Amino acid sequence: MVSETLMKIVSPCWKPSVEGENSSRGGDASGRVDGLLWYKDSGRHINGEFSMAVIQANNLLEDRSQLESGPLSSFESGPIGTFVGIYDGHGGPEAAEFISDRLFNNMKSIICCGLLYIANAGDSRVVLGRFEKTHKEVKAIQLSSEHNASIESVREELHSLHPGDPQIVVLKHKVWRVKGVIQVSRSLGDAYLKKTEFNREPLLPKFRLPEPFHKPILKAEPAIVVQKLYPEDQFLIFASDGLWEYISNQEAVDIVHSCPRNGVARKLVKAALHGAAKKREMRYTDLKKIDRGRAPRAAHNIINKQKRNRAIRIIIMATWTLGSSIGVSQPSSCSDASVHCIPFSSRRLSFSSIIISPLKLQRQVSRRTARPVISVKMSAAEAFREVLPPALTSASEPPPIFDGTTRLYISYSCPYAQRVWITRNCKGLQTKIELVPINLQDRPSWYKEKVYPPNKVPALEHNNEVKGESLDLIRYIDSNFEGPSLFPEDQGRREFAEELMNYLNSFRGSVVSSFKGDRNEADVAFDYIESALSKYGDGPFFLGQFSLVDIAYAPFIERYQPFLLEVKTYDITAGRPKLAAWIEEMNKVEGYQQTKGDPREHVDNFKKRFLSPS
């Protein structure tokens, strides 16, 4: 049976706070117990219903949760909605308690305008369920990325941040750990890995490092994802690593999509336990009999529902919002803490949202033993990543054209549009220039009639006019929008940049002509690129430092490389070390990473275009 202590922890997990006359209570603390599982399949909050389940794995439950329903702002005119917080603790409950006591109240003073923001620091994950009309199925789209040392890019980040420490990441018992101690590279709390004065007694010896350190080993800054919600977006799943250890993104989405809303949180818990039992080669019924402290993972599920559209949150947690209106979640999912808010807007699929602006919590927690200092610093957009909207088709309604919004019309498969997309990202303009993807195979008639008569992409809607041509647009964006300059001031480099821009058509023509003929023309083209990359020695890019020239070439080389390798057995980097280094460095450019297509799709598209019988 679940202990009385657990019930006291569970109760505030789901019972809404009441603030103002428009708030509503979520019911009493009654629920049902099934071994280590506590659940309440259905309850009420201000916008609808919720379902919750908690499964205890440790002797001491280290996690905390909260549900606040009512005004989500300190201002009278602010939004009314529901906030759900799940705080996934480790090494004791103090950090989770600290966050649950303070985070929501700090957020209430900074609520405003229009997008879904996800802030993640740790190894939690957010997955979107999006309905795809083409295949008539709900597809899982992962919105966040984990900060776990098992991921190669995380290890690379740690090595780059600590170049003088070869032991910053250690493979211990077949598991990568930061300093051989912890798997996550970002968290709230864990001050013993952030300030050397806390890495001493009475901290347990297994956590103490042998040498003092002079800069924080772990970070608390989250990675930020900004996402606009669309009518095709059905629900969100927020979960700690406990869920994803046993269930894939698509499996979780399929469960939520196919199950009735009543008790869906419990179904996700059960699916994870079935996965754990299978992994341990034991029966599910036997796994349920394991005593507290020996269960495979702690699992907390909250599912918050409102009538028809869903948003799910898991620790193992799900928040499911159903309704004729979709609100916008504002989650912050962390190793010690994971949070989201859900304000709901009008009856149609219109979106009001919450923005988390920089939030700082500096507080020392004093306990009998030296518990960690909780230092939370939510900064604006480290590792800013955008989740892509679905492409518009002939059945799609046009956006409100010339309403003052700057829009970039693209196709995800078009290399010319990709140039402008990369420029927008590298300038940090994701929230200033709205991305509007067009399905070129089923393009809407209004695009030609109302937006851009040439009926091509890319096109930029700005200042009540629409401009086209990719090379013109990348220069226009670089010159007319804020952000780092992507064109050199040095006159000599500017002249060389123009020479390289002028060579683009010849480069494409030479490479394409080699697709059906011999590779001599491709050799000439790529040898020119190798020579150009050798001109400046102060960086791996065409002009030494990253510039519009790299942006202009990248989409085409991205497509040519896998196609030539497969069809012609031609490695464009063989004997061209500068080109190989350029490709490697380009792949590290975050604004470019977000635009890259699937190499397999590139090859298939080129085969159809260039090798199919005419």
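Values for this structure:
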read-out: Failed item, numbered, when Phe526 is tested on (1) modelled with pLDDT under 95; (2) more than 21 Å from Phe487 (Cβ to Cβ); value: (1)
read-out: Selected residue (criterion: surrounded by the most Cβ atoms within 10 Å (Cβ to Cβ)) from residues of segment 134-154 that are touching a residue at least 60 places away in the same chain (Cβ under 8 Å) and either in a loop (DSSP other than H, G, I, E, B) or in contact with a Pro (Cβ under 9 Å, 6 or more places away or on another chain) (or both); value: His147
read-out: Segment 494-512, subset crowded, with 16+ Cβ neighbours inside 10 Å and of a type outside the set (A, V, I, L, M), residue farthest from Leu565 (Cα to Cα); value: Phe496
read-out: Candidate set from segment 588-614 (those that are in a loop (DSSP other than H, G, I, E, B), under 24 Å from Tyr409 (Cα atoms) and out of contact with any strand residue (DSSP E or B) (no Cβ under 7 Å at 6 or more places or on another chain)); member that is least open to solvent (accessible area, probe 1.4 Å); value: Thr595
read-out: Hey, Ile474 modelled with pLDDT of 95 or more and more than 30 Å from the chain's Cα centre (by Cα) or not; value: no
read-out: Test for Val457: is it aliphatic (A, V, I, L, M) and either under 29 Å from the mean Cα position of the chain (by Cα) or closer than 27 Å to Thr134 by Cα (or both); value: yes
read-out: Ser248 being within 24 Å of the chain's Cα centre (by Cα), more than 20 Å from His90 (Cα to Cα) and among the hydroxyl-bearing types (Ser, Thr, Tyr); value: yes
read-out: Considering residues of segment 397-439 that are at pLDDT below 95 and in a helix (DSSP H, G or I) only, the residue least open to solvent (accessible area, probe 1.4 Å); value: Asn425
read-out: Matching entry among Asp523, Asp550, Asp538 (being outside any helix (DSSP H, G or I) and either buried (at least 20 other Cβ atoms within 10 Å of the Cβ) or without any contact (Cβ under 8 Å) to a residue 12 or more places away in the chain (or both)); value: Asp538
read-out: Residues satisfying the stated conditions in segment 59-103, i.e. at pLDDT 70 or above and of a type in the set (Asp, Glu); value: Glu62, Asp63, Glu68, Asp88, Glu94, Glu97, Asp101
read-out: Of the criteria (1) touching a residue at least 24 places away in the same chain (Cβ under 8 Å); (2) outside any helix (DSSP H, G or I), which one Glu157 fails; value: (2)
read-out: Of all residues in segment 166-186 being in contact with a helix residue (DSSP H, G or I) (Cβ under 8 Å, 6 or more places away or on another chain) and part of a loop (DSSP other than H, G, I, E, B), the one that is most open to solvent (accessible area, probe 1.4 Å); value: Lys179
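The values are calculated or read from the model by the stated rules, or taken from the named source; none is laboratory data. Only a predicted model underlies this, so the values are computations on that prediction, with no experimental measurement involved. We place every Cβ from the backbone using ideal geometry, glycine too, and count neighbours over all the protein chains shown. For the accessible areas, the whole protein counts, side chains as well, though only heavy atoms, and no ligand, DNA or RNA atoms are used. Shrake-Rupley method; radii C 1.70, N 1.55, O 1.52, S 1.80 Å.
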